[in-house]
Amino acid sequence: MEVIIKGDYNGISKEAAAYIADFLYHKPNAVLGLATGSTPLGLYKELIRLHADEGLDFSKVITFNLDEYVGLPPSHDQSYHFFMWQNLFSHVNINPENVHIPNGMAKNVTVFCSWYEEEIEAYGGIDIQVLGIGTDGHIAFNEPASSLGSRTRLKTLTQQTIDDNARFFKNAEEVPRYAITMGVGTIMEARTCILLASGESKADTVAKAIEGPVTSMVSASALQLHPNAIFVLDEPAASALELHDYYRWVYENKPRES
Ligand code: GLP
């Protein structure tokens, strides 16, 4: 695992955007796995800026989003469809046909989830998967006790996640109880995983994910088994890491290829 610690939120957004942009320059038809939540907003802003100022091209990029609330149509302002179009897709030259987001209105969720998995495979798998982390340690909506081998499926949200996400709705009652989410096993097949975390409220969870035992109780800890997982953290989110200074040293003294 690579642990990159930056001074602030702006720093982590720029670091992740630079990694993705560099990849897209080499592979313009890359398959990106994308996340929602407040954490990747700065990354998306920076990608939009790179598109506008430096011509970063999204015309051949394929995307797969991690998750979606069940029961919210794409037009609902709290649906992840709405979020992605508002915060990224509408501002870059992506082909709408290349965008994949789980359908929260699917009539047959099981059939939909199998199709989603097949689509990811048909495009050759995900090159870079962007992740945030829930306060309960989840990635996507893989709540505690999610199988570390799980695939895209229906998941019941925990009360903690409902309470965490209530800030985006009028009240907690309005937060959907179910979501369609890529599984931990699906995410682990991405060739690179970049997990972003910001703020002191994530510090303990981040420490459990990176330095604690691998456990389904913290689904992000599965990334310890991933061959190319990068954690990009701001100082507050990194503040509970036992090896904080070591990670910083490793990053600052990384041998650069000539
Ligand atoms: C939701 C999403 C996750 C996200 C998490 C954290 O639960 N399903 O993908 O990582 O929120 O959100 P935030 O970045 O707002 O803290």
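The values are calculated or read from the model by the stated rules, or taken from the named source; none is laboratory data. Only a predicted model underlies this, so the values are computations on that prediction, with no experimental measurement involved. Don't worry about glycine lacking a Cβ; one is built from the backbone with ideal geometry, like all the others, and counts go over all protein chains shown. Ligands, DNA and RNA are excluded from the accessible area calculation, which covers all protein heavy atoms including side chains. Shrake-Rupley method; radii C 1.70, N 1.55, O 1.52, S 1.80 Å.
Condition first: of a type in the set (Asp, Glu) and either open to solvent by 10 Å² or more (accessible area, probe 1.4 Å) or away from the ligand (no atom under 12 Å from the Cβ) (or both). Now tell me which residues in the stretch 136-166 satisfy that.
136, 163, 164
Among what's in the stretch 1-59 and is more than 29 Å from residue 77 (Cα to Cα) and hydroxyl-bearing (Ser, Thr, Tyr), pick the residue that is surrounded by the most Cβ atoms within 10 Å (Cβ to Cβ).
Checked the stretch 1-59; the qualifying residue surrounded by the most Cβ atoms within 10 Å (Cβ to Cβ) is 19.
Please state which one of 75, 38, 90, 114 is in a loop (DSSP other than H, G, I, E, B) and away from the ligand (no atom under 16 Å from the Cβ).
75
With more than 30 Å from residue 109 (Cα to Cα) and within 18 Å of the chain's Cα centre (by Cα) as the only criterion, which of 179, 209, 237 stands out?
So the residue among 179, 209, 237 that is more than 30 Å from residue 109 (Cα to Cα) and within 18 Å of the chain's Cα centre (by Cα) is 237.
If a residue counts only when it is modelled with pLDDT under 95 and either of a type in the set (Asp, Glu) or closer than 30 Å to residue 74 by Cα (or both), which helices (runs of 4 or more DSSP H) contained entirely in the stretch 159-258 have at least 2 such residues?
159-165
Has the stretch 208-221 got at least one residue that is among the aliphatic types (A, V, I, L, M), crowded, with 20+ Cβ neighbours inside 10 Å and within 12 Å of the ligand (Cβ to nearest atom)?
So far as the stretch 208-221 goes, yes, one or more of its residues are among the aliphatic types (A, V, I, L, M), crowded, with 20+ Cβ neighbours inside 10 Å and within 12 Å of the ligand (Cβ to nearest atom).
Looking at the stretch 88-133 only, could you name the residues that are among the charged types (D, E, K, R) and more than 16 Å from the chain's Cα centre (by Cα)?
Selection gives 97, 107, 117, 118, 119, 121.
What do you reckon, is residue 227 free of Cβ contacts under 8 Å to residues at least 60 places away in the same chain and closer than 25 Å to residue 126 by Cα?
Criteria met by residue 227.
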